[in-house]
Amino acid sequence: MLYLQGMEQLLKQIADYKNEIETFSATDAKEIEEFRIKWLGTKGLVKNLMGEMKNVANDKKKEAGQLLNEFKQYTEAKFESLKELTTDTPQLTTNIDLSLPGDSIPVGSRHPIILMRNRIISIYQRLGFAVAEGPEIEDDWHNFTALNLPPHHPARDMQDTFYVQQNPDWLLRTHTSNTQIREMEKGKLPIRVICPGRVYRNETVSARSHCFFHQVEGLYIDENVSFADLKQTLYFFVKEMYGKDVRVRFRPSYFPFTEPSAEMDVSCFICGGKGCRICKHSGWVEILGCGMVHPNVLENCKIDSNKYTGFAFGMGIERPAMLKYDINDIRLFSENDVRFLKQFTSAV
Ligand code: PHE
């Protein structure tokens, strides 16, 4: 503790302190905090020196007070400048090499099948279709019987089915039409849904076909729905999907669950209809099956077929995705090869 004999000693003490403070420099926040505690803390040297005022002769008190105040301001100013210096020029406390490149963060991408599915969905959504989904493991009723394919119907052979061993009534759905039945069974009319999903067929895997693939099915049931409504809906879809110059043709076809049935082709959007490898030189590419829902199907789902009519259509997703993204082997979709998948990071 300092005992002041007189003003001279006070002046000397302040000068010594100032000297120490002036030459002080800090390299990090810890040292600045140490400075604050040593000088400006509640038990710090500035406070300590102030406490010595009581020992100063009365007639010198005013002068001493001014000197001490000035010293305090000086110390505070130094403290502020120390803080500014370290925030402006941060000092390294560890051996980090800032020139090293950072760790790259891998960015995922949407699968091309999902990209195509989303495109298809968004077009039909603009026409007021809602999305409905159904199970991939299905019973015989929803995949076949309710769709006007009773047991032993020859058309069952059109789709080679995987059955579940434990229960012969269960199978992997061969088409998304099971979701049509499930929507109709809910008993709420009108119905306007699209049903995207994965389907399974016992086919040899090759570059062009696989034992599982994806479909989008559409269903519209209401009073007075006609084939003209079906055509107009599909027409809108094709124009949105492939552009306004693409032409459309319907060919008569057969599906047990629709009557009449048709297949729809679009003029080849690769060669413009002149004929190329993609359209097998016919100028046309087949894209979907469709038709008016068979009255038996409506009745199976307890819908009055005298009052209500409807249309349905179903299309694959793989083929349009292969054409759009120039993919030449269907197996690439399910091999999970990152080199293939990461090509779609910025695709839409
Ligand atoms: N379910 C048929 C198929 O998988 C497609 C289809 C759906 C056809 C709806 C007509 C109506 O091939």
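Obtain the nm distance between the two label points defined at Leu11 and Glu185 by a simple spin-label model: each point lies 7 Å from its Cα along the Cα-to-C-beta direction. Roughly 10.6 nm, to one decimal. The order of the peptides 319-326, 190-197 by mean Cβ neighbours within 10 Å, most packed first, is 190-197, 319-326. For the residue pairs Lys18/Lys47; Lys231/Lys274; Lys18/Lys38; Lys30/Lys72; Lys231/Lys307, alpha carbon separations beyond 18 Å are given by Lys231/Lys274; Lys30/Lys72; Lys231/Lys307. What the stretch 1-160 shows is 67 Å² of accessible area per residue, with the surface traced by a 1.4 Å probe over protein heavy atoms. Label separation (Glu70 vs Cys271): 10.0 nm, computed from points 7 Å beyond Cα along the C-beta direction.
I'd like the orientation of helix 112-125 relative to the chain: the angle between its Cα long axis and the longest Cα principal axis, in ° from 0 to 90, rounded to 10. Between the helix axis and the principal axis of the chain, the angle is about 70 degrees. Within the stretch 112-341, antiparallel bridges make up roughly 95 percent of the DSSP beta bridges whose residues both belong there. To test your reading of the geometry: what angle, between 0 and 90 degrees and rounded to tens, separates the Cα axis of helix 227-242 from the longest principal axis of the chain? Helix 227-242 and the main axis of the chain meet at about 40 degrees. Placing +1 on each Lys and Arg Cβ and -1 on each Asp and Glu Cβ, with no other charges, gives the chain a dipole about its Cα centre of roughly 720 debye.
The alpha carbon radius of gyration of the chain, expressed as a multiple of 2.2 N^0.38 Å, is 2.01.
The values are calculated or read from the model by the stated rules, or taken from the named source; none is laboratory data. Computed from a prediction, not measured in an experiment: that's the story for all the values here. Methodologically, a virtual Cβ is constructed for each residue, glycine included, from the backbone with ideal geometry; neighbour enumeration extends over all protein chains shown. Protein only, heavy atoms only, side chains kept; ligands, DNA and RNA dropped before computing areas. Shrake-Rupley method; radii C 1.70, N 1.55, O 1.52, S 1.80 Å.
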